[in-house]
Structure formats: C-alpha cells, structure tokens
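First the structure, in the form of structure tokens, and then the observations on it.
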Amino acid sequence: MKALLIASVALIAAANAALAAEIEPVVTPGPFAPPPAFPATVSPGPFSPPPAFPVVKVYDWTGFYLGLNAGGAIGNTDWNSVPDLRTGKSNLSGALAGGTAGYNLQTGEPYVLGLEADLGWSGIKGTAPPASCAPGCEIKVPWLATARLRFGYAFDGIMPYVTGGAAIGGMNANIVGAPLGTQAASNIGWTAGAGVEFVLWGPLRGKVEYLHVDLNGFSCNAQCGGGPISFNFNENIIRAGLNYRFWN
C-alpha cells in the first residue's frame with residue numbers, strides 16, 4: 001500500500017512537470033544572448049493555487065537600438081570682424097533630421113547607463129552684418145553629429161535621462177550672392193541635455209530630447225571679403241525620435 005502511494009505521487013509529479021513544460025516550454029539562452037525586453041512569467045502547474053498578487057512584467061532597457069530623429073534648432077553666433085573693428089551676435093535657426101545608434105545597459109533596476117551616437121543633415125543658418133562682408137555673411141551648419149553618454153532612471157517602460165558628450169559639426173560661411181566660394185571647416189565641441197524615452201509597442205520606443213550644442217569657432221577670410229571674420233556657434237535643439245530595440 002505504501003509503495004503504491006509513493007508511485008502514485010511520483011506519477012502525478014511527472015505528469016504535472018510534463019504538462020507545465022508543454023504549456024510553457026523553458027528556453028535556455030546562450031551565453032551571449034541578451035535578456036528579453038519583458039522577463040518571461042512563470043506558469044503555475046494545473047494543481048497550483050493562483051498567486052496572491054499577479055506577476056508584474058518590468059521592461060528591461062538593456063540592448064542595442066537603431067533609430068531616426070528630427071527636430072529644430074535656434075541659436076546664435078558671436079562674430080568678430082577684424083577689418084571692421086566690430087563684434088556682434090547673429091541668430092541661427094533651422095531644421096535637423098538624421099539617424100541614431102545606441103546601447104543601453106540596465107546596471108541594476110532602475111538605473112540605466114547608455115551610449116548613443118547620431119549623425120544627420122542640418123539646415124541651421126543665419127546672416128551676420130559686418131560692412132566688409134556686405135550685403136552680409138551667410139553662415140550655415142550643413143551637418144551635425146554627437147556622441148554621448150546617457151544616464152537614465154527607468155519607471156518600467158518610461159525613462160527620463162540626462163546626456164552629455166562630444167559634438168562634431170560642419171560650418172561654412174560666404175558673402176551672400178558673391179561668387180567667391182565658401183569657407184568651410186569641421187569643428188569638435190560639446191553637447192549636454194536631457195530627455196525622456198518611452199515604450200510605444202514591443203521593440204519600438206519614442207523619445208523627446210533637448211540638447212545644447214557648442215561647436216566653438218572658425219574664421220572666414222577671402223570668402224568673407226578678405227576677413228578675417230571669426231564665428232562661434234551655439235545651438236539649442238529640440239527633437240523627437242523613434243528607436244527600434246534589437247535583441248527583443
């Protein structure tokens with residue numbers, strides 16, 4: 001009788017395990033596999049009581065992502081004209097659009113450390129009025145890139161963050177309407193800002209971000225009436241983006 005009871009218990013346990021495996025197969029990830037965006041829930045056996053509290057799925061921000069961004073910028077350039085013995089400040093504005101790549105590591109809930117880079121087209125431009133550059137010096141930033149660290153605090157699928165790092169941009173200047181060519185340079189500066197990123201659906205996330213960018217300065221010579229006329233660029237950017245998380 002005792003042996004029959006033990007055998008019955010063993011048989012029920014084996015059937016229970018087989019049924020649970022059939023309902024919720026267990027997949028063991030490889031050593032280089034990332035964690036899922038949402039950790040898998042544990043399915044109770046057919047004879048197990050329901051949990052006192054439902055299992056809450058917490059979003060895991062770890063993983064690579066690619067994305068697109070677009071927005072606008074307003075800013076100014078400080079200029080200094082040697083031949084005119086004048087200094088001044090001129091406004092800059094324009095639209096931006098580009099691509100993004102990054103990686104997040106959720107080091108311990110709820111803190112997230114990330115690295116993000118972006119590169120894109122820029123329509124930021126303005127005009128400076130030194131007399132030696134009449135009717136005016138047109139200044140443009142045709143492209144802009146950043147490489148930044150991000151520090152976030154995750155509230156499940158919503159993550160506000162601060163960010164900062166290097167900014168690289170193209171800058172050029174010339175006399176408006178004059179056939180003297182364009183003075184061009186590529187400068188490295190800095191950027192800092194903040195934003196919020198949030199899960200839209202599955203691997204797709206949205207974000208809204210503010211960045212201040214300082215590209216330092218460059219000088220325009222023959223293309224600005226002989227010059228030298230120096231310019232220093234500062235921009236405030238507001239943009240939105242969509243990111244697609246891989247390893248979901």
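Each reported figure results from applying straightforward, stated rules to the coordinates on display, with no laboratory input. Keep in mind the model is a prediction, meaning the values are calculated, not measured. Cβ: placed from backbone, ideal geometry, glycine included. Neighbour counts: every protein chain shown.
Within the stretch 144-170, find all residues whose amide N lies under 18 Å from a label point positioned 7 Å from the Cα of Ala185 along Cα-to-beta-carbon.
144-145, 167-170
Evaluated at 25 °C with a viscosity of 0.890 mPa s, what Stokes-Einstein diffusion coefficient in µm²/s does the stretch 126-197 have when Rh comes from the Kirkwood expression over alpha-carbon pairs?
165 µm²/s
Can you find, among Ala145, Gly67, Ala117, the residue farthest towards the positive end of the dipole of the stretch 52-165? Put +1 on the C-beta of Lys and Arg, -1 on that of Asp and Glu.
Ala145
Given charges of +1 on the Cβ of Lys and Arg and -1 on the Cβ of Asp and Glu, with all other atoms neutral, how large is the dipole of the stretch 63-245 about its Cα centre, in debye to the nearest 20?
Taking the Cα centre of the stretch 63-245 as origin, the dipole is about 180 debye.
Could you calculate the contour length gain from Leu115 to Ile158, that is, 0.36 nm times the residue separation minus the distance between their Cα atoms, to one decimal place in nm?
The Leu115-Ile158 span can extend by a further 13.7 nm.
How much length is gained on full extension from Val208 to Leu68, taking 0.36 nm per residue of separation minus their Cα-Cα distance?
Stretched fully, the Val208-Leu68 segment lengthens by 49.2 nm.
Can you find, among Thr107, Cys220, Phe198, the residue farthest towards the positive end of the dipole of the stretch 106-248? Put +1 on the C-beta of Lys and Arg, -1 on that of Asp and Glu.
Value computed over the given set: Cys220.
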